[in-house]
Amino acid sequence: MKRVRVKFISVFAERLGKERVYELDENATVEDLVELVSKELEEVRSKGVVYVNYRFPKKGQVLNDGDEVLIMPLYAGG
């Protein structure tokens, strides 16, 4: 098992708290984490933007023990 620290921003933080630690299987990907979090808050899947260690992840990127993941809502403004 590996541990990944997830920080939530804005309305996601209001609903899920500012930070959580998730224990994941060794081969878990960013998409697996998003799927897990979206079971608690569906909007994460459809409106969430994810960064891993302050970088935009590649599709299918495997998470490492100790990674820091930021999940925030997609914003549009003018």
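Where a number appears in this text, it was derived from the coordinates with a stated rule and is not lab data. In this text, all values refer to a predicted model and were calculated from it rather than measured experimentally. For neighbour counting, all protein chains shown are included, and Cβ atoms are generated from backbone atoms with ideal geometry for every residue, glycine included.
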(request) Could you grab the relative contact order for the chain? Cα pairs under 8 Å, six or more apart, rounded to a whole percent. (result) 41 percent
(message) Can you give me the Kirkwood hydrodynamic radius for the chain, using every pair of distinct Cα atoms, in Å to one decimal?
(response) 12.5 Å
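Order 39-45, 68-74 from most to least packed using the mean count of other Cβ atoms within 10 Å. Intermediate results must be reported in sequence, preceding the final value.
On the way: 39-45: 13.6, 68-74: 16.9.
Per-residue Cβ counts within 10 Å, averaged per peptide and sorted highest first, yield 68-74, 39-45.
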(message) Using a Cα-Cα cut-off of under 13 Å, which aspartates and glutamates could be cross-linked to Lys39, ignoring same-chain neighbours fewer than 8 residues away?
(response) Glu31
(message) Within the stretch 8-34, list the residues whose amide N lies under 13 Å from a label point set 7 Å along Cα→Cβ of Gln61.
(response) 29-34
